[in-house]
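Working notes, structure below.
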Amino acid sequence: MEAGVLLRSVTPANLLRRRFTARRRSTMASLSPQGGYRGPKPKREWVSEWVSKNDDLVRSLPIYVGGVSILAVLFNRTVSGIAPVADASSSQSRADLLALGLAVTNILNGLVWLSIRLKYISVVNPDGVECRRMSNHLPDSVVSELLWVWESLSDVTCCRSLVVIYDGIFILQIGFAEKNYTNGSEAVVVDVEKLMQGSLYSGAVRSGSQSYLANLSLYPGKSELPFLPSNTQAVILQPLGDKGLAVVGGDTIRGFTTSDQAWITLIGEKLDATLEKVSSETPLTVQPKS
């Protein structure tokens, strides 16, 4: 009885010691003498690499297969001694008709593949001038937060223009803006009253949710944003509570990802809380400063 208890108490310790030693050896073996990792390397996708390098050939491959299939059916019917006229009572004729139908389907499929091409979307340089305008008498904490918002968006997203208005007051215009040709090289000033009367502003604030214009050129409402560069590709209208709006302009069509949109939503909520606190303590002034 004592020997059995002793064996049961010793065996787990030996097993644990062996497992620890084996794991330690495997860990040491996975490191090269120089300290580099010598574990399993990721497998290369040879098929996907070959397809990407031979895109035109792969797209036209169904046409070749369909053409060869039609020739094979005709050759088989010629050498088999069957009459060239299709006979519904003949199993060979039915099989040939089915093979011809599949071959024609392959050819049509290849033609569709050749007609469909990926449209590569490139980054567009904003056609405008850089500006940096802020409302007067903003606390330093708000100014630093606005600059942080701009730096965060311009660094990690396709944002190239940012305009913020709150409680009917101009707050910020930074980044690229449309050039005012009647005033030399200055940027177009944001007309807050005109913007608030537009459908884009009222629709975004009324809904209380973010509005993403992924391809701005397709929306007739772009005329309500004359302060943005004329070649702005995408715009996000982010409501700041029910009192303001942030207009985020991008340089790429559909350039704002779902993560970017969620991030901008959180930034809008933070800006709303900050500006609401400031406006309740000290009224914001209308005059902007450069």
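Using the basic label-point model (7 angstrom from Cα toward the beta carbon), what is the Ser199 to Thr257 distance in nanometres?
Simple spin-label model gives 3.3 nm for this pair.
Report ³J(HN,Hα) in whole Hz for each residue of region 190-203, in order, from the Karplus equation J = 6.51 cos²θ - 1.76 cosθ + 1.60 where θ = phi - 60°; Gly and Pro get x.
Whole-Hz 3J(HN,Hα) from phi for region 190-203: 6, 8, 5, 4, 5, 5, 5, 7, x, 6, 5, 5, 5, x.
What ranking do 46-58, 202-214 get when scored by the average of other Cβ atoms within 10 Å per residue, highest first?
202-214, 46-58
Would you check region 166-290 for Lys pairs whose C-alpha atoms are within less than 27 Å, ignoring same-chain pairs closer than 8 in sequence, and give me the count?
Within region 166-290, the lysine pair count is 16.
Through the Karplus equation 6.51 cos²θ - 1.76 cosθ + 1.60, θ set to phi - 60°, convert the phi angles of region 58-66 into ³J(HN,Hα) values in whole Hz; use x for Gly and Pro.
Along region 58-66, the couplings run 5, 5, 8, 4, x, 5, 5, 5, x Hz.
Residue-wise, which Karplus ³J(HN,Hα) couplings in Hz belong to region 259-269, taking 6.51 cos²θ - 1.76 cosθ + 1.60, θ = phi - 60°, and x for glycine or proline?
Listing the rounded values in order: 5, 4, 5, 5, 5, 5, 4, 5, 4, x, 5 Hz.
Once you place label points 7 Å from the Cα toward the Cβ at Ser80 and Ser185, how far apart are they in nm?
Modelled inter-label distance: 8.0 nm.
Kindly give Rg over Rh for region 190-290, based on alpha-carbon atoms, with the Kirkwood expression for the hydrodynamic radius.
0.97
Of all GluC sites (Glu not before Pro) in region 139-197, which ones are in loop regions per DSSP and have a Cβ with at most 16 other Cβ atoms within 10 Å?
Loop-located and lightly packed - Glu186.
For a quick check: with amide H placed at 1.01 Å from N, whose amide H comes under 5 Å from Leu240's, ignoring anything fewer than 5 positions away on the same chain?
The answer is Leu245, Ala246.
How about Lys53: which aspartates and glutamates have a C-alpha closer than 14 Å to its C-alpha, ignoring those fewer than 8 places off in the same chain?
Of all the aspartates and glutamates, those that pass the test against Lys53 - Cα under 14 Å, at least 8 places apart if same chain - are Glu45.
Sort the following peptides by mean Cβ neighbour count (other Cβ atoms within 10 Å, averaged over residues), highest first: 90-98, 61-69, 255-263.
Going by the mean number of other Cβ atoms within 10 Å, highest first, we get 61-69, 255-263, 90-98.
Out of residues 5 or more away from Ile82 or on other chains, whose amide H comes under 5 Å of its own, with H placed 1.01 Å from N in the peptide plane?
The list, which skips near neighbours in sequence, is empty: none.
Let me check against my output: what whole-number percent is the relative contact order of region 157-290, with C-alpha pairs under 8 Å and at least 6 apart?
28 percent
A short reminder: the numbers here are calculations on the coordinates, not readings from a lab. These numbers come from a predicted model, not from an experiment. Cβ coordinates were reconstructed from backbone atoms using ideal geometry, including for glycine residues, and neighbour counts include every protein chain displayed.
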